[in-house]
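Enquirer: To start, I am sharing the structure in question, which I have written as structure tokens.
The values are calculated or read from the model by the stated rules, or taken from the named source; none is laboratory data. The model shown is predicted, which means the values in this text are computed figures rather than measured ones. Backbone-built Cβ (ideal geometry, glycine too); neighbour counts: all protein chains shown. Please note that ligands, DNA and RNA were not included when accessible areas were found on the heavy atoms of the full protein model with its side chains. Shrake-Rupley method; radii C 1.70, N 1.55, O 1.52, S 1.80 Å.
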Amino acid sequence: MNDYRFGNYIYELRKRAGLSQSELGARIGVSNKAVSKWENGKAKPETETLRKLAALFQVSVEELLAMREEEAPVEVTTIVVTGGPCAGKTTGMSWIQNAFTKLGYLVLFIPETATELIQAGVDPRSCKTNLDFQKSLLTLQLHKEKVFEQAARAMKASKVLIVCDRGALDNKAYMDDLEFAQLLQDLKKNETELRDGYDAVFHLVTAAKGATEFYTTANNTARTETPEQAAALDDKLIAAWTGHPHLRVIDNSTNFEDKMKRLIAEISSFLGEPEPFEIERKFLIEYPDLKWLTSLPNCERVEIIQTYLKTNEDEEEVRVRQRGAKGNYIYTMTTKRKLSGIKRVEIERRLSQSEYLSLLMDADTTRRQIRKDRYCLTYQNQYFEIDVYPFWTDKAIVEIELNDENEKIRMPKKLKVIKEVTEDDSYKNASLALR
């Protein structure tokens, strides 16, 4: 992943000055492409250019020099690799280690907590109740994650990738709704923070679904499920994580080696290797059957409030977002720059609530806030986001992010497509905000 720290600083200085990339370039004698490269972390200006920037922005040359040369803080990304029994997680960890070490990441693995406890003699049968076991499991899981996060930030590395062998929401698949609600209450947690606290989630589908001949319990003494039980558990795990902003499901539609390659490709795409782009397709659909959607175990409703910030770039979009449900929210800022009709550079960072509220002061007042209910639906191992707006009663929008521009979309039959609107700017949220 590119180093955006210096670039983000230049970007903020430029925005404060009310300059476009072209205007800034003209003032200091460089092209707008040079400015773009600085802001995207692909290059840094020479010392003489820094002096011009310092004079223009009224900051010290020393500050810019220090910023350019200063060692960037450790960049820590935490992902979950989950899946049903016998899905290939152990092999996947080895592939992740090899692939991302080569790309300059220090890769840390948090071992599967359930296996550790069960092999040590702590399991649902030895505990008084399943709730007692799950409470112990989640407490240890969260403690391990906190320790690894602290350790990662003290590492002598610029990029650290923490890989969780299962995450906090895996527990939900092993509990009924009443037990899970009690667990959250006892630990003073909420589902949104447990699910969305990770940067991304990658689900490997069990071999019991589509590759039954390779299903085995021999390679894990903590595994006891039959193929039928494994398939049912796989469905529950996908349902538990549905609603996360970045969930990807890797199925058994190819041989195992290609399955691993697809896992690496999905993680690479998320991390922005070689650059942070997204491939997204968007469809206008008839107003969906909300009763049907909410009845599905693999569908999760989230509330979104999206506010656009002021920008001077025609091809740039900056927004802040509140996302969550039931009074529990996370906050993000996203900058998008268009590369082609369906391909864009996207840089996203998590915000604290106070940062989010502060940025609202820079809202683009020519656009209204976008409020919508998003129904996240996992269907045939693809992840659909169905946006229902309060100002539409006859239509909605469904989006899907892809890793490959040519990937076939398996649209649910209950969603009636009116037309594809991927390249129709009038259906972008930024355009809808103008209405």
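Enquirer: On a full-extension model of 0.36 nm per residue, what is the gain between Leu357 and Lys188, subtracting their alpha-carbon distance, rounded to one decimal in nm?
Expert: Extending this stretch completely gives an extra 58.4 nm.
Enquirer: Compute the relative contact order of the chain as a whole-number percentage, counting only Cα pairs closer than 8 Å that sit 6 or more residues apart in sequence.
Expert: Computed value for the chain: 15 percent relative contact order.
Enquirer: Ok, one more. Between Ser268 and Thr311, how many nm apart are label points set 7 Å from Cα along the C-beta direction?
Expert: Simple spin-label model gives 2.7 nm for this pair.
Enquirer: On a straight-distance basis, which aspartates and glutamates could pair with Lys414 in a cross-link, Cα separation under 19 angstrom, same-chain partners fewer than 8 positions away excluded?
Expert: By straight Cα distance, Lys414 reaches Glu286, Asp289, Glu300, Asp373, Glu385, Asp387, Asp394, Glu399.
Enquirer: OK, next. Relative to 2.2 N^0.38 Å, what does the C-alpha radius of gyration of region 291-435 come to as a ratio? Two decimals please.
Expert: Relative to the rule-of-thumb radius for its length, region 291-435 sits at 1.08.
Enquirer: Now a separate question. Using a 1.4 angstrom probe, figure out how much accessible area the chain has per residue, in square angstrom, rounded to the nearest whole.
Expert: 48 Å²
Enquirer: In the Gaussian network model of the chain, springs joining C-alpha atoms below 10 Å, which of Gln369, Gln380, Gln306 carries the largest mean-square fluctuation?
Expert: Of Gln369, Gln380, Gln306, the Gaussian network model singles out Gln380 as fluctuating most.
Enquirer: Just grab the label-to-label distance for Arg368 and Asp289, each label 7 Å out from Cα along the Cβ direction, in nm (one decimal).
Expert: Taking the simple label geometry, Arg368 and Asp289 are separated by 3.1 nm.
Enquirer: In addition: Could you tell me the extents of the chain's C-alpha atoms along the three principal axes, largest first, rounded to whole Å?
Expert: On the principal axes, the chain reaches 70, 55, 43 Å in Cα extent.
Enquirer: Separation of region 289-338 and region 187-263 by C-alpha centroid, Å?
Expert: 25 Å
Enquirer: When we measure straight from the Cα of Lys144, which aspartates and glutamates land under 14 angstrom away, once same-chain ones fewer than 8 places off are left out?
Expert: Answer for Lys144, where 14 Å is the Cα cut-off: Glu112, Glu116, Asp165, listed by chain and number.
Enquirer: Another question, if that's okay. Given the -39500 (n - 2.57) contribution per DSSP H run of 4+ residues, what per-residue ellipticity at 222 nm results for the chain, rounded to the nearest 500 deg cm²/dmol?
Expert: Value at 222 nm, helices only: -11000 deg cm²/dmol.
Enquirer: How big, in percent, is the set of alpha carbon pairs in region 359-435 lying more than 15 Å apart?
Expert: That fraction is 64 percent.
Enquirer: Among Cys376, His143, Ala230, whose Cα lies farthest out toward the positive end of the dipole of the chain, if unit charges sit on the beta carbon of Lys, Arg (+1) and Asp, Glu (-1)?
Expert: Positive-end residue among those listed: Cys376.
Enquirer: Take the residue pairs Lys209/Lys413; Lys146/Lys209; Lys261/Lys282; Lys102/Lys408; Lys102/Lys156; Lys336/Lys419 and return only those whose Cα atoms are more than 28 Å apart.
Expert: Lys146/Lys209; Lys102/Lys408
Enquirer: When N counts the residues of region 235-302, how does its alpha-carbon radius of gyration compare numerically with 2.2 N^0.38 Å, as a ratio?
Expert: Output field value: 1.39.
Enquirer: Using a Förster distance of 22 angstrom, determine the FRET efficiency expected from the C-beta separation of Arg301 and Lys414, and round it to 0.05.
Expert: Calculated transfer efficiency: 0.85.
Enquirer: Now for a separate question. Considering only protein heavy atoms and a 1.4 Å probe, what is the carbon-and-sulfur percentage of the accessible area of the chain?
Expert: So the carbon and sulfur contribution to the accessible surface is 50 percent.
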